[in-house]
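Take a look at the structure below.
The values are calculated or read from the model by the stated rules, or taken from the named source; none is laboratory data. The structure displayed is predicted, hence computed values, not measured ones. With ideal geometry, Cβ positions are generated from the backbone for all residues, glycine too; neighbour counts draw on all protein chains shown.
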Protein chains: 4
Amino acid sequence: MRVGFIGLGSMGLPMADNLRRAGHELCVYNRTRARASELSGVRVAGSPREAATGAEVLITMLADDTAVEEMVLAPDGAIEGLPRGAVHAGMTTLGHNLAARLAAEHGRRGQQYVGAPVFGRPDAARAAKLWIVAAGPAAALERCRPLFDAMGQGVEVVGEDPAQAAVVKLAGNFLLAAAIEAMGEAFALARKYGIEPARLLEIVNGRVLRSPVYENYGRLIAEGRFEPPGFRLRHGLKDVRLVLEAGEDRAVPLPTASLARDRFLAAVARGWGDLDWAALARVAAVAAGLDRETLPAPATAR
Amino acid sequence: MRVGFIGLGSMGLPMADNLRRAGHELCVYNRTRARASELSGVRVAGSPREAATGAEVLITMLADDTAVEEMVLAPDGAIEGLPRGAVHAGMTTLGHNLAARLAAEHGRRGQQYVGAPVFGRPDAARAAKLWIVAAGPAAALERCRPLFDAMGQGVEVVGEDPAQAAVVKLAGNFLLAAAIEAMGEAFALARKYGIEPARLLEIVNGRVLRSPVYENYGRLIAEGRFEPPGFRLRHGLKDVRLVLEAGEDRAVPLPTASLARDRFLAAVARGWGDLDWAALARVAAVAAGLDRETLPAPATAR
Amino acid sequence: MRVGFIGLGSMGLPMADNLRRAGHELCVYNRTRARASELSGVRVAGSPREAATGAEVLITMLADDTAVEEMVLAPDGAIEGLPRGAVHAGMTTLGHNLAARLAAEHGRRGQQYVGAPVFGRPDAARAAKLWIVAAGPAAALERCRPLFDAMGQGVEVVGEDPAQAAVVKLAGNFLLAAAIEAMGEAFALARKYGIEPARLLEIVNGRVLRSPVYENYGRLIAEGRFEPPGFRLRHGLKDVRLVLEAGEDRAVPLPTASLARDRFLAAVARGWGDLDWAALARVAAVAAGLDRETLPAPATAR
Amino acid sequence: MRVGFIGLGSMGLPMADNLRRAGHELCVYNRTRARASELSGVRVAGSPREAATGAEVLITMLADDTAVEEMVLAPDGAIEGLPRGAVHAGMTTLGHNLAARLAAEHGRRGQQYVGAPVFGRPDAARAAKLWIVAAGPAAALERCRPLFDAMGQGVEVVGEDPAQAAVVKLAGNFLLAAAIEAMGEAFALARKYGIEPARLLEIVNGRVLRSPVYENYGRLIAEGRFEPPGFRLRHGLKDVRLVLEAGEDRAVPLPTASLARDRFLAAVARGWGDLDWAALARVAAVAAGLDRETLPAPATAR
C-alpha cells in the first residue's frame, strides 16, 4: 500500500519501520529531517502535504494536538495533498474535539478519518506489539487493517466516531496516571514505616493486583529510574488535561484526574517535565519530606 | 495445636473451618453465638477470655479496631486468659497504633503478638487462598506458620514490628480503593461518550493493565453488582481512615486517600455503607448526573 | 468621547447606560439587537465592525473568550473598524492568553489594548460601583480613565501587560469560588449537627471574617436563593477553567481550583448551570445526603 | 467568683489575667509551674484536682483533646476535685466526641459542662476581645456569663449540646484554613505573572472581600512573617483533623478540609509545625517551584 507517514519520534520511527518491513511503500515527513535518514528504503517528503500526496492511507504519529493541527490542517498541510477517497489514520493521542474536527474536515474533502491511538511504549512499538484502539467508518477501518496488523498485536474497534477512540485511549492513560500517583503515595507511606517500596510492590502487586503495569511502573519508581523517558512527564500532563477537557464537555467531574494534574504541574515546576512520567510518584515523596528538592535555585518570577 | 479463635464473620468462619480441617483443636468465640454452630467439632467459649484460656495461639479476625479492643484488651478480654508464652496472631486489618499497643500489652504479660492481616475476599478464605502479611518476633511467626499454611496460599513476612504488617495491608487496600475510584471516574467519562464500561474495561484491563483486581472490581462496577458484599463499603471507609492516620502520624500527605475518603462518605450518606465497596464507583456516576440518587428522602439532621 | 460598546448583557447594559449618562457618545452592538432598544440616545450598529468604526475607545463586555474572539477578531469583527490610534478596553473576564493575543493583534494595527475586567455584580454595575482592574500602556489607560470613572468607583492599575489584569481578576474570582465552596461544606457540616447555616454565618462572618462577600453569598446559600442569577454558575466554571489554564501555563498547581472545578461540573451535571454560582454550595449538601437530587431523570448517555 | 483555671499557654495566661483583674478569685494549674508565676494574686495548685477543688466554675484552656483528657478525666484529674453543682467551661477547641463525653462524665457526678471555645488570637485574649461560642444547659451558661464577659467581647450561644459549640468553632477554623490555603494558591499564581501578593491582596481584599481575616493572614503570608506563631500550624492540623472527624461521624464529605489536611502534613513534613499556621500558604509556593525547600536534610525513615 502507498502510505504517507508523518512524525518519526520515539514511537513513530519504529512504527514506520515496521510498515516498511511489511512491504508497504512509504513517503515520510518529519520536522527534523535527519530523523528520516534512520529509515532506509523510504521516500522523504519536503512537506506534510507532499507526504500525503498520492497516499492511500496517511498515518500521523505526532506529539500533541498542536502538532497535528500544524501538520495536517495548516496551509500546505497534509490534508491538501491527500487524494479524495484516501484515509487518514491519526495515531497520536488526541483530544476528543480535535478528533471530531479532523473527521469533519476530511469529510468535507471526500476523505475519511480514522482515530487510532495506541497503547504501548517505544519497546512495544519496535516489537510491533502495540494495541490499537480504533474508531471510524467501517470501510476506512478495513482499509487500515493491514497497516495496523504490521504495527500492533491487535486492534480494538470501539465505534464509528473517532472521538470515541480518543476517549478510550485517554481513559486508559488516566487509569495509568492514577495508578502511578497512588503508588507514589503508598510508597511514601511505606518508607516512613521502614518498608522498602520494592517489597511493598512485591507483595501488593505480586499477590493481589498482579498487573504488569504496576510491576513495570512500580519498578521504575522504586528504583528512581526516570531516564531515559519511555513516555515524557509533560506528555502525561497533556493527556490528563485532555481527559479533563473531555470530562468538562460532558459535565463529568474527575477528581482523581484533577489531583493528578496538580501533581504533574508540581513535577514540571521542579523541572521534571522530560523525565519518564513515573517521576510523578516522586512528588508524593517530596511532599512527605522524604526526598530532597532538586530545584537548582528558587524561581522568583516563573 | 490448641487454637483460640475469636470472630466468626464472613472471613473468620471459613478461616476457622480450614484450621479445624487441618486437625487443629479450636475453641471459638463470637459475639453472636449462633454463628459458632455452623462449625462442627469445635469448642464454643462463653467469653473472649475463655476462648484464649489454654491456647498456644490465639487468632482474632474481627471487624475493626474497636472490636479488637473490646475482645482482647477490655476486662474479661482474651488477653487475661492467654497463657504466658502463647502467641496472639491478629489477622484483622488494624490501625498501626493499635498494632503497636497490642505488641506492648502482650509483651508486658510475657505473651507475643504477631500482626497478620490478610489479602483476599471470603471466597479466598474458603479456598484457603488468602495471602497473609505477617510481622512480629521470628519465633512467634514460626509458631503460627502451620496455622497460616492451613488458611492461606502464602505468608509474606515484612518485619519484626507488627505495625509494619498493618501498614503493608493498609497500603494494599489503599491501592485497591484508588483503583476502584479511578475506574468509577473512567467509566463515567466513557458512558458520556457512548462507550460501555465493560468494553472500556475489556480494552484497558484486557490489553494494558491485565490485573485480576481491575477485572473483578471492574466487572462488579460495570454490572452494578454490589450485593452481596464481599467487603463492605463502610469497612473500606474504615481502612482508608486508618491509612490516613498512619500517614498523619509520620507526616505523609495522601491526597488520593483523602479523595477516596470523601467519596466513601458520599456513598455512606446515600445509604450504601453495606454494599460492596465497589459501589464507591457509583458516586462518580451520580456526580456526573448519570445515575439517579437512591436516597429515600432528604435527611434533615443526619 | 466617541465610544463603541459591544455586549449588552446584564453587566454591559447598565455600564453602557452609565457612559451615556456621563455624556459620552455611544455606538452599541449586541447580538440580540432588541437589547439595544433598552438604551435611549445611542446609535445601534449592525455589526461589531460598525460599532468600532470611528470610535476613540472600544469597550467589550461579553460572556467569554469565544464571544470576544467572534466579536473582535473574526472577519467583520470590531478590530477591522477600529481606527489607528484608538484603544480597545476589554472588560470581559478573559483568559490570560487571549488578553496577550488581543494586545498583539491590536498592536499590529496601530491600535492599543487595555485589559480592564471588573469586580461587581449587576447591581454594582447599575450603581456605577464596579472596581476596575486595569493593565496596559500608560497612555491608553489615561485615555480610558474618564470612561472607567463613569462606570466604577475606582480603577486599580496592575501593570502594563493586559494579561496581568486578567490574572488579578481570575485570582479574585478564584478566591470567591473557594469561599463559596468552603461555605457549602461548613454549612453541610453544621446542618448535620442541628446548627442553622444562617446562625453559623452570623457567628463566623459576623464576628470573625466580617466580609460582605461571605455575608452576601452566605445569605444566598443559607436561604437557597439561587435565582435570578447575579453571576451564572456556568460562567463561574469558565473562570475557574481560565484560572487553571493560567496556572498550567506557568506550572502552578492549584488544588483548591481543581476541587472547585469538579464541584462546578457536578452542579452543571445536575442542570444548575444557569443558577447563581452560589448554588455551587448545594453540591456539598447533596453529597452529604442533605438535599435531594433535582435531576428530572437519569441521563443515560450525556 | 471562685474559679479554677487550668492551662496557662499563650491564650490561657492572658485570659486568666483578665479574670483576676475583674476581681475573681483564681486557683490555677499549669503543667509547667513557672508559667503561673507570671500571674500575681492567684493561688497556684499542685494538681488539676486541687485547682478544681472548691471552685464554682472550672475553666480549661489547653492544647488539645489529649491534654483535656489528662487534666480532667485521668486519675487525680480536675473532675475529682470539682464540687457537685459546679460548672466546667471547656474553652479549648475540642473534638465533638470529647465534648459529648465530658458532658456525660460531669453529668454523672452532678456537675455541668459547658462547651465554650473562642475565636481570637493571643492579642485578642489580652485585650479581652475574644468571641466565645457557647453551648450547654441554660443555667450553667448563665453562671459562666460574668467570666465570659471578663474575657471576651461577646458570647454566642448556639444550643444546649456542648458538641454544637465544638462544631461551630471547628467550622470557623475550617473556613480560616480554607481561606489561607486559597490565598496561598492565588499568591503563587500571581507571583508567576509578576504580580506582588501584597498588591493582589490590596485589590481583592481591599475592594471585594474586605475582611480583616484576609487582611491579617494575607499580610503575614505576603511578608513571610510566620514567627512568632499566633496559632501554631500543628494546632491547625489538629483542628482540621477534628473537622474531618466531625464530618465523618455524620457522613459529610469535606474535600476542602481534606485538601487542607494534606497541605498541613506537607508543611509539617518540612518542619514548619511550630510556625504560624499562615505558613500553610507556603506549601503552595513550594509546589509551584517559587520558594526553595527549607528541609535541613532528606529524611530517610520519618
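Based on what the data block shows, is A:Gly154 among the small types (Gly, Ala, Ser), farther than 17 Å from A:Leu19 by Cβ and either assigned to a loop (DSSP other than H, G, I, E, B) or outside the structural domain of A:Trp277 (by TED's automatic domain parsing) (or both)?
Values: among the small types (Gly, Ala, Ser): yes; farther than 17 Å from A:Leu19 by Cβ: no; either assigned to a loop (DSSP other than H, G, I, E, B) or outside the structural domain of A:Trp277 (by TED's automatic domain parsing) (or both): yes.
For A:Gly154, the condition - among the small types (Gly, Ala, Ser), farther than 17 Å from A:Leu19 by Cβ and either assigned to a loop (DSSP other than H, G, I, E, B) or outside the structural domain of A:Trp277 (by TED's automatic domain parsing) (or both) - is not met.
With the checklist (1) in a strand (DSSP E or B); (2) within 11 Å of another protein chain (Cβ to nearest Cβ) in hand, flag the one item A:Ile180 doesn't pass.
It fails just one condition, (1).
Out of the residues in the range D:228-240 meeting the condition of being within 14 Å of chain C (Cβ to nearest Cβ) and assigned to a helix (DSSP H, G or I), tell me which one is nearest to the chain's Cα centre (by Cα).
For the range D:228-240, the residue satisfying everything is D:Asp239.
Scan the range B:153-162 for residues that are surrounded by fewer than 24 Cβ atoms within 10 Å (Cβ to Cβ) and either over 9 Å from B:Val133 (Cβ atoms) or among the polar types (S, T, N, Q) (or both) and jot them down.
Listed by number, the residues that qualify are B:Gln153, B:Gly154, B:Gly159, B:Glu160, B:Asp161.
Consider C:Lys192 carefully, then state whether it is charged (D, E, K, R) and either within 9 Å of chain D (Cβ to nearest Cβ) or over 20 Å from C:Gly120 (Cα atoms) (or both).
For C:Lys192, the condition - charged (D, E, K, R) and either within 9 Å of chain D (Cβ to nearest Cβ) or over 20 Å from C:Gly120 (Cα atoms) (or both) - is met.
So, in the range C:21-50, of the ones that are hydroxyl-bearing (Ser, Thr, Tyr) and under 22 Å from the mean Cα position of the chain (by Cα), which residue ends up surrounded by the most Cβ atoms within 10 Å (Cβ to Cβ)?
So, considering only residues that are hydroxyl-bearing (Ser, Thr, Tyr) and under 22 Å from the mean Cα position of the chain (by Cα), the one surrounded by the most Cβ atoms within 10 Å (Cβ to Cβ) is C:Tyr29.
Hey, can you tell me all the residues within the range C:131-151 that are assigned to a loop (DSSP other than H, G, I, E, B) and either of a type in the set (Gly, Ala, Ser) or in contact with a Leu (Cβ under 6 Å, 6 or more places away or on another chain) (or both)?
C:Gly136
Looking only at the range C:211-220, which residues are within 13 Å of another protein chain (Cβ to nearest Cβ) and either part of a helix (DSSP H, G or I) or surrounded by fewer than 17 Cβ atoms within 10 Å (Cβ to Cβ) (or both)?
C:Pro212, C:Val213, C:Tyr214, C:Glu215, C:Asn216, C:Tyr217, C:Gly218
Within the range A:2-20, work out how many residues are farther than 19 Å from A:Ala86 by Cβ, not aliphatic (A, V, I, L, M) and not in a helix (DSSP H, G or I).
2
List the number of the failed condition for B:Pro122; all other conditions in (1) within 21 Å of the chain's Cα centre (by Cα); (2) buried (at least 24 other Cβ atoms within 10 Å of the Cβ) hold.
Among (1) within 21 Å of the chain's Cα centre (by Cα); (2) buried (at least 24 other Cβ atoms within 10 Å of the Cβ), the lone unmet condition for B:Pro122 is (2).
Please pick out the residue among A:Arg207, A:Arg292, A:Arg225 that is outside the structural domain of A:Asp64 (by TED's automatic domain parsing) and in a helix (DSSP H, G or I). Let's see the steps before the verdict.
Values: A:Arg292 fails: in a helix (DSSP H, G or I); A:Arg225 fails: in a helix (DSSP H, G or I).
Just one listed residue meets the conditions, A:Arg207.
Would you confirm, using the coordinates I've provided, whether D:Ala269 is more than 21 Å from the chain's Cα centre (by Cα) and among the aliphatic types (A, V, I, L, M)?
So D:Ala269 fits the description; yes.
Counting only residues that are under 20 Å from C:Pro122 (Cα atoms) and of a type in the set (Ser, Thr, Tyr), how many does the range C:40-69 have?
Residues that pass the stated criteria total 2.
Every residue, every condition in (1) within 14 Å of D:His106 (Cβ to Cβ); (2) β-branched (Val, Ile, Thr); (3) in contact with a helix residue (DSSP H, G or I) (Cβ under 6 Å, 6 or more places away or on another chain); (4) outside the structural domain of D:Val155 (by TED's automatic domain parsing), yes or no:
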| residue | (1), (2), (3), (4) |
| --- | --- |
| D:Gly54 | no, no, no, no |
| D:Leu58 | yes, no, yes, no |
| D:Asp64 | no, no, yes, no |
| D:Glu70 | no, no, no, no |
| D:Ile79 | yes, yes, yes, no |
| D:Met91 | no, no, no, no |
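Would it be correct to say that B:Gly271 is over 17 Å from B:Ala190 (Cα atoms), modelled with pLDDT of 95 or more and within 14 Å of chain C (Cβ to nearest Cβ)?
When the stated conditions are applied, B:Gly271 passes them.
Evaluate the following for C:Ala34: is it part of a helix (DSSP H, G or I) and free of Cβ contacts under 8 Å to residues at least 12 places away in the same chain?
Spelling it out, C:Ala34 is indeed part of a helix (DSSP H, G or I) and free of Cβ contacts under 8 Å to residues at least 12 places away in the same chain.
Can A:Leu175 be described as free of Cβ contacts under 8 Å to residues at least 24 places away in the same chain, within 16 Å of the chain's Cα centre (by Cα) and farther than 30 Å from A:Ala22 by Cβ?
yes
Let me spell it out: the conditions are (1) more than 30 Å from C:Pro162 (Cβ to Cβ); (2) crowded, with 24+ Cβ neighbours inside 10 Å, and D:Ala188 meets all of them except one. Which number is the exception?
(1)
Among (1) among the β-branched types (Val, Ile, Thr); (2) crowded, with 17+ Cβ neighbours inside 10 Å; (3) under 22 Å from the mean Cα position of the chain (by Cα), there is one condition D:Thr66 misses while meeting the rest; what is its number?
(2)
I'm trying to understand the selection: among the residues of the range A:13-46, which are in contact with a strand residue (DSSP E or B) (Cβ under 7 Å, 6 or more places away or on another chain) and not charged (D, E, K, R)?
A:Ala16, A:Leu19, A:His24, A:Leu26, A:Cys27, A:Val28, A:Tyr29, A:Ala36, A:Leu39, A:Val42, A:Val44, A:Ala45
Is it fair to say B:Ala198 is outside the structural domain of B:Ala99 (by TED's automatic domain parsing) and surrounded by 18 or more Cβ atoms within 10 Å (Cβ to Cβ)?
no
Quick check on my filter: what residues within the range B:252-268 are more than 9 Å from chain C (Cβ to nearest Cβ) and of a type outside the set (D, E, K, R)?
B:Val252, B:Pro253, B:Leu254, B:Thr256, B:Ala257, B:Ser258, B:Leu259, B:Ala260, B:Phe264, B:Ala267
Scan the range B:183-202 for residues that are in a loop (DSSP other than H, G, I, E, B) and in contact (Cβ under 8 Å) with a residue 12 or more places away in the chain and jot them down.
Matches in the range B:183-202: B:Glu196 only.
Do we have C:Arg84 as without any contact (Cβ under 8 Å) to a residue 24 or more places away in the chain and more than 19 Å from the chain's Cα centre (by Cα) here?
The answer is no for C:Arg84.
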